[in-house]
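The values are calculated or read from the model by the stated rules, or taken from the named source; none is laboratory data. Being a predicted model, the structure only gives us computed values, none of them experimental. So basically every Cβ, Gly included, is an ideal-geometry build from the backbone, and we count neighbours across all protein chains shown.
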Amino acid sequence: MATTSTPFANDAPHRNAGDLSNDYRARRALEEEERAQRRRIDLEEQRSDLNPPKVRIRAWEKVHGLRLPADSNHPILEVIAGDTRLTLAEVREEQQARVAESTARVAESTARK
């Protein structure tokens with residue numbers, strides 16, 4: 001008489017609910033640790049004197065999920081300057097460079113039409 005069994009039924013050990021929840025907690029803790037490490041790296045990038053203002057400001061934007069405002073008198077510019085260890089003048093220079101870059105792109109695209 002042949003016995004019927006499901007394929008792979010004995011290939012993996014059975015796990016109880018406690019093991020699954022422990023695995024889930026461990027995985028979540030590891031993910032949180034990785035997120036914290038990425039944030040530390042991003043914060044270091046935004047403050048590093050080795051990076052030019054453009055890179056530091058982009059890092060600030062990434063960390064905070066915000067864009068550099070176009071208004072040169074916007075109050076957040078002082079916060080950006082402090083967080084990136086730049087002067088307010090350096091932040092405004094990056095603003096002006098972005099405006100010039102954007103204007104050049106628009107002019108280029110309209111010239112092609």
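A compact table of results
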| quantity | calculated |
| --- | --- |
| Number of the condition not met by Ser72 [criteria: (1) surrounded by fewer than 10 Cβ atoms within 10 Å (Cβ to Cβ); (2) more than 23 Å from Asp42 (Cα to Cα)] | (1) |
| Selection count where residues are out of contact with any Ser or Thr (no Cβ under 7 Å at 6 or more places or on another chain), closer than 20 Å to Val55 by Cβ and of a type in the set (A, V, I, L, M), scope the stretch 71-113 | 11 |
| Qualifying residue in the stretch 92-99 (condition: in a helix (DSSP H, G or I), touching a residue at least 12 places away in the same chain (Cβ under 8 Å), in contact with a helix residue (DSSP H, G or I) (Cβ under 6 Å, 6 or more places away or on another chain) and under 19 Å from Arg40 (Cα atoms)) | no |
| Cross-chain or 6+ apart pairs with Cβ under 7 Å, the stretch 27-50 first and under 14 Å from Leu86 (Cα atoms), then modelled with pLDDT of 90 or more and of a type in the set (Asp, Glu) | Gln46/Asp83 |
| Residues of the stretch 51-81 that turn out to be part of a helix (DSSP H, G or I), free of Cβ contacts under 8 Å to residues at least 24 places away in the same chain, charged (D, E, K, R) and under 18 Å from Ser102 (Cα atoms), as a count | 2 |
